[in-house]
1. May I ask you to list pairs of residues, at least six apart or on different chains, whose Cβ atoms are under 7 Å apart, with the first in the range B:53-80 being among the hydroxyl-bearing types (Ser, Thr, Tyr) and the second being in a loop (DSSP other than H, G, I, E, B) and at pLDDT 95 or above?
2. Among the numbered conditions (1) in a loop (DSSP other than H, G, I, E, B); (2) within 14 Å of the chain's Cα centre (by Cα); (3) within 21 Å of A:Ala154 (Cβ to Cβ), tell me where A:Thr115 comes up short.
3. I'm trying to understand the selection: among the residues of the range B:37-54, which are part of a loop (DSSP other than H, G, I, E, B), open to solvent by less than 30 Å² (accessible area, probe 1.4 Å) and within 7 Å of another protein chain (Cβ to nearest Cβ)?
4. Looking for something surrounded by 14 or more Cβ atoms within 10 Å (Cβ to Cβ), in contact with a Gly (Cβ under 6 Å, 6 or more places away or on another chain) and in a loop (DSSP other than H, G, I, E, B) - is there at least one such residue anywhere in the range B:129-137?
5. Which of the residues that make up the range A:10-36 are out of contact with any Pro (no Cβ under 6 Å at 6 or more places or on another chain), within 7 Å of chain B (Cβ to nearest Cβ) and not in a loop (DSSP other than H, G, I, E, B)?
6. Tell me whether the range A:106-117 contains one or more residues that are within 13 Å of another protein chain (Cβ to nearest Cβ), within 24 Å of A:Ile55 (Cβ to Cβ) and crowded, with 19+ Cβ neighbours inside 10 Å.
7. Are any of the residues in the range B:147-158 without any contact (Cβ under 8 Å) to a residue 12 or more places away in the chain, hydrophobic (A, V, I, L, M, F, W, C) and not in a strand (DSSP E or B)?
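The values are calculated or read from the model by the stated rules, or taken from the named source; none is laboratory data. Here the structure is a predicted model, which is why all the values come from computation and not from measurement. Here the Cβ positions follow ideal geometry from the backbone for every residue, glycine too, while neighbour counts run over all protein chains shown. When the accessible area is computed, the model is the full protein with side chains, heavy atoms only, and any ligands, DNA or RNA have been set aside. Shrake-Rupley method; radii C 1.70, N 1.55, O 1.52, S 1.80 Å.
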There are 2 protein chains.
Amino acid sequence: MRTLRAAPLSATAFAPFGEVIEVSDAAHHYPINGGTTERYHDLANIDPGAEGRAIVSIFRAKPRALPFAVRMLERHPLGSQAFMPLTGRPYLVVVAPAGDAPRPDALRVFLAQGTQGVNYAPGVWHHPLLALEAVSDFLVIDRAGPGENCEEAALAEALGIHLA
Amino acid sequence: MRTLRAAPLSATAFAPFGEVIEVSDAAHHYPINGGTTERYHDLANIDPGAEGRAIVSIFRAKPRALPFAVRMLERHPLGSQAFMPLTGRPYLVVVAPAGDAPRPDALRVFLAQGTQGVNYAPGVWHHPLLALEAVSDFLVIDRAGPGENCEEAALAEALGIHLA
């Protein structure tokens, strides 16, 4: 089985797939509420599409064992999908560029820290949630609306993921 | 100074003001991703209004000292505003029903746990973020768009808040 090592998640590395949601000096930020709070503003392109609406859910995810074999990816062609960890634990992000099918040679694997969320742009291929270490909760912002918004694609060859 | 004790935050008690965002058997929930994740679905009425869009930000809030004197409230007439704690610490929620001005006798104070978010319905009067214990981060889902979406109102009389 071909294997990939997870790279650290950063806004720059993840840019082809969407946004990293995190406190960063690179974000537009400014004090509010009489200086008691700093607002890091508009960190993700939430896109529910013309006929959809943004909804908020919580995903409670069981942890996966490593090394993990990636055998499929999914995509949501009609809207973005954001994940923000609520329990402070790292997780894995597996993505491939939007397109008719995920190209195995274009897969990227990132290790996200518990302070980092991700927002997948519409159509970006990604693996379902890969929590690590323990049961973990994530706030999820995605789309409700008409139409079929989840497609799955099996990979021709499984890909093994290692942390280091 | 008149004083109020914080009540435990619950979906029922908070219903006149919006929704509590939390994992709960009362929510619509179902397994996804081959049973590895439980989805607690569509937990808040995210409402950016007809001319707005939902945006995601992070608020980094300094903790307040108790007892705290509430002297003002604010409201966002054009959209909802949701807060989800990212650092697992409790916080205070001070609200009054939507209307031309907050009625001091209608103020309610809730102690939210670090696993509970709140979504204020459009126009609901609320105090700016009241973190407790330590600097705390919150994911915030509110509105960007045309028009003036923040109004403040001073209370005729300050209200002291105690935890118990």
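1. Taking only residues 6 or more apart or on different chains, the pairs are B:Ser57/A:His41; B:Ser57/A:Asp42; B:Ser57/A:Leu43; B:Ser80/B:Asn45; B:Ser80/B:Ile46; B:Ser80/B:Asp47; B:Ser80/B:Ala121; B:Ser80/B:Pro122.
2. All conditions pass for A:Thr115, except number (3).
3. Scanning the range B:37-54 gives B:Leu43, B:Ala44, B:Ile46.
4. No: zero hits.
5. The one that is out of contact with any Pro (no Cβ under 6 Å at 6 or more places or on another chain), within 7 Å of chain B (Cβ to nearest Cβ) and not in a loop (DSSP other than H, G, I, E, B): A:Ile21.
6. Yes, the conditions are met somewhere in the range A:106-117.
7. The answer is no, given that none of the residues of the range B:147-158 is without any contact (Cβ under 8 Å) to a residue 12 or more places away in the chain, hydrophobic (A, V, I, L, M, F, W, C) and not in a strand (DSSP E or B).
Table: residues versus (1) open to solvent by less than 20 Å² (accessible area, probe 1.4 Å); (2) of a type in the set (Lys, Arg).
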| position | (1), (2) |
| --- | --- |
| A:Leu9 | yes, no |
| A:Ala15 | no, no |
| A:Glu19 | no, no |
| A:Pro31 | no, no |
| A:Val56 | yes, no |
| A:Ala61 | yes, no |
| A:Arg64 | no, yes |
| A:Ala96 | yes, no |
